[in-house]
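*Asks:* This is the structure I want to talk about, given as structure tokens.
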Amino acid sequence: MAGNQESDGNGKGTEPTKSPKKRGRGGVLTLSLLVVEAAVIGAGFMMFSGSGSSEAVGMSATIEAPKHEVTYEEVVIFDGHLGNASSGIALRYPTRVFLKVDARDRMWIEAESARLAGTIHARLSEIWKSAGRRDLESADLATIETRIQRSIDSEGLFSRRPASTLGGTFELETGEHGGLASTLDVAAELQSQPDGPIVQDVIVVMDIGRRVNR
């Protein structure tokens, strides 16, 4: 074992010094570990930052304008008297006919029914004249209401909504958030426009027939 130690002149042995070759290997190993650690940290940062941006994009893509809650109203399209003589006696029935429609359609349907008052009266008169006594005395008047619905459909009455007032172009604000806010406002306004069937139901309210004096 004496051959592996060196004397320092006082008779005490000293430990052998590491060779330059071993020190070089240690430095390379440390540098490699640092490089690998930096690569792992960088990859992790990119992964988390990428998922965050993807989540933000996903959130912005799912923004929707508030949906309009549809409400229905009953609009009078006829208020008058209609005659029938199926029982052998000429009778006149005080009658009101309603259309159940989207509340947003109310104004133009009222205007259209006023414009088509003559046509509506003529069609209803035909239905009443051809109605049987049982139809007129029915508690719910379902048969007559069905005939009115068919007549409206065949005549094309109230079949088309007026052109939307939103048919033009839109000017969006260009502020930091103005464009998005304006887009949502326009989307909400478009979504609030009625679509689908115009006439949801026909409702007839009729009083007892009164004899016509001739």
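The values are calculated or read from the model by the stated rules, or taken from the named source; none is laboratory data. As the structure is a prediction and not an experimental result, all values here were calculated from the model. Because the Cβ atoms are built from the backbone with ideal geometry, glycine has one as well, and the counts that use them run over all protein chains shown.
*Asks:* Would you pick out the residues in the stretch 131-142 that are loosely packed, with under 15 Cβ neighbours inside 10 Å and either part of a helix (DSSP H, G or I) or in contact with a helix residue (DSSP H, G or I) (Cβ under 6 Å, 6 or more places away or on another chain) (or both)?
*Replies:* Those that are loosely packed, with under 15 Cβ neighbours inside 10 Å and either part of a helix (DSSP H, G or I) or in contact with a helix residue (DSSP H, G or I) (Cβ under 6 Å, 6 or more places away or on another chain) (or both): Arg133, Arg134, Ala142.
For (1) among the hydrophobic types (A, V, I, L, M, F, W, C); (2) at pLDDT below 95; (3) surrounded by fewer than 19 Cβ atoms within 10 Å (Cβ to Cβ), each residue gets a yes or a no:
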{"position": "Ile77", "(1), (2), (3)": "yes, no, no"}
{"position": "Ile89", "(1), (2), (3)": "yes, yes, yes"}
{"position": "Thr95", "(1), (2), (3)": "no, no, no"}
{"position": "Val101", "(1), (2), (3)": "yes, no, no"}
{"position": "Leu124", "(1), (2), (3)": "yes, no, no"}
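*Asks:* Based on this model, can you work out whether Ser192 counts as modelled with pLDDT under 95 and under 24 Å from the mean Cα position of the chain (by Cα)? I'd like the intermediate steps shown before the answer.
*Replies:* On the way: modelled with pLDDT under 95: yes; under 24 Å from the mean Cα position of the chain (by Cα): yes.
Answer is yes for this residue.
*Asks:* Since Arg115 meets every condition but one in (1) surrounded by 15 or more Cβ atoms within 10 Å (Cβ to Cβ); (2) more than 18 Å from Ala142 (Cα to Cα); (3) among the basic types (Lys, Arg), which condition does it not meet?
*Replies:* (1)
*Asks:* Restricting attention to the stretch 90-148, which residues are of a type in the set (Gly, Ala, Ser) and under 39 Å from the mean Cα position of the chain (by Cα)?
*Replies:* Just the residues of the stretch 90-148 that are of a type in the set (Gly, Ala, Ser), to begin with: 90, 103, 111, 113-114, 117-118, 122, 125, 130-132, 138-139, 142.
Selection gives Ala103, Ala111, Ser113, Ala114, Ala117, Gly118, Ala139, Ala142.
*Asks:* Report every pair of residues separated by at least 6 positions or lying on different chains whose Cβ atoms are under 6 Å apart, first residue within the stretch 195-208 and at pLDDT 90 or above and of a type in the set (Ser, Thr, Tyr), second surrounded by 10 or more Cβ atoms within 10 Å (Cβ to Cβ) and assigned to a strand (DSSP E or B).
*Replies:* none
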